[in-house]
Amino acid sequence: MSDVTAVRHPVPETVRTLDVLAKAALLLLMFLAVTSPDLGNMQDKGAHARAIGYPLAAFAVPVIWYVWWRERASFPWVADLLITFTCFTDTLGNRMDLYDSIVWFDDWMHFMNTGLLTAAVILLTLPHTSSLGRTLERAVAFGATAGIVWELAEYVAFLSKSTERRSAYSDTLGDLTLDTLGAVVAALVLFVLWRRGQLHRAAPQLAHRAAFAV
């Protein structure tokens, strides 16, 4: 028996609804991307790899929470939404052909989505009392690592077989810079919100660990 009493916090219905809708829309878009890659502008862009990886990422928090955390903390709806949203927006961006039709869209997605993922990781792994230095350290460690992993995955999934590989080096450097910058901005925003008391009331500690639910 656990000697830790879970502290349950109410979450706005809007957050819950957006999270569920984002997951449903993601699954639909991934199904269309696999069955009709040309229609979804996913031809030669790792459609099958995304179809496996994105649902796994989007449902990782619910599975982990249910198996290990449900008796100790309320469900981390905000962090879960941030993770799901990154998968959904990337898929939707391809579906709407925004990556190829808007020059700066890829840069924006690297900055925004890495920032959102970093915010989710910080919310799940750090207490609201963390110092600015510790928050930035976690952000840079995750953001830079996630950026490297993504670039390697892109290369293996489709860039190695694409004509885009000729310009991949300079693009990768820019993407990694934006990934790290997005992570740092996310850390600064969360730190300010924590200091203003706008998040910590909904972030109970998870059983003797530095893991928090929002």
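The values are calculated or read from the model by the stated rules, or taken from the named source; none is laboratory data. Quantities reported herein were computed from a predicted structural model and do not represent experimental measurements. Every residue, glycine as well, gets a Cβ built from its backbone with ideal geometry; the counts of neighbours run over all protein chains shown.
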ask   = Looking at segment 29-44, is at least one residue modelled with pLDDT under 95, touching a Phe, Trp or Tyr at 6+ places or on another chain (Cβ under 9 Å) and not in a loop (DSSP other than H, G, I, E, B)?
value = yes
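From the set of residues in segment 184-198 that are of a type outside the set (Gly, Ala, Ser) and outside any helix (DSSP H, G or I), which is farthest from THR125 (Cα to Cα)? I'd like the intermediate steps shown before the answer.
Initially, segment 184-198 is screened for residues of a type outside the set (Gly, Ala, Ser), giving 184-185, 188-196, 198.
Narrowing the set further to residues that are outside any helix (DSSP H, G or I) leaves 196, 198.
On the way: ARG196: 19, GLN198: 18 Å.
Within segment 184-198, the match that is farthest from THR125 (Cα to Cα) is ARG196.
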ask   = For ARG16, are the conditions met, namely being touching a residue at least 24 places away in the same chain (Cβ under 8 Å), in a helix (DSSP H, G or I), basic (Lys, Arg) and surrounded by fewer than 16 Cβ atoms within 10 Å (Cβ to Cβ)?
value = yes
query = Are any residues in segment 111-155 small (Gly, Ala, Ser) and in a helix (DSSP H, G or I), and if so, which ones?
reply = GLY115, ALA119, ALA120, GLY133, ALA139, ALA141, GLY143, ALA144, ALA146, GLY147, ALA153
request  = Within segment 75-85, identify whether any single residue is outside any helix (DSSP H, G or I) and of a type in the set (S, T, N, Q), and answer yes or no.
outcome  = no
ask   = When you go through (1) surrounded by 14 or more Cβ atoms within 10 Å (Cβ to Cβ); (2) modelled with pLDDT of 90 or more one by one for TRP69, which number turns out not to apply?
value = (2)
key: Given (1) modelled with pLDDT under 90; (2) over 28 Å from TYR99 (Cβ atoms), number of the condition TYR155 does not satisfy   = (2)
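Which of the residues spanning segment 1-28 are of a type outside the set (D, E, K, R) and modelled with pLDDT of 90 or more? Write out each step before concluding.
Kept after step one, since they are of a type outside the set (D, E, K, R), are these residues of segment 1-28: 1-2, 4-7, 9-12, 14-15, 17-18, 20-22, 24-28.
Once the filter is applied, which keeps residues that are of a type outside the set (D, E, K, R) and modelled with pLDDT of 90 or more, segment 1-28 yields THR14, VAL15, THR17, LEU18, VAL20, LEU21, ALA22, ALA24, ALA25, LEU26, LEU27, LEU28.
Being more than 15 Å from the chain's Cα centre (by Cα) and either modelled with pLDDT of 85 or more or acidic (Asp, Glu) (or both) is the filter here; which residues of segment 45-59 pass it? Spell out the reasoning first.
Taking segment 45-59 first, the residues more than 15 Å from the chain's Cα centre (by Cα) are 45-49, 51-52.
If the condition is that a residue be more than 15 Å from the chain's Cα centre (by Cα) and either modelled with pLDDT of 85 or more or acidic (Asp, Glu) (or both), then ILE52 is the only one that fits.
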key: Among the candidates THR114, THR86, THR118, residue that is buried (at least 20 other Cβ atoms within 10 Å of the Cβ) and in contact with an Asp or Glu (Cβ under 8 Å, 6 or more places away or on another chain)   = THR114
task = Report, by residue number, each residue of segment 99-111 that is hydrophobic (A, V, I, L, M, F, W, C), surrounded by fewer than 18 Cβ atoms within 10 Å (Cβ to Cβ) and touching a Leu at 6+ places or on another chain (Cβ under 8 Å).
result = PHE105
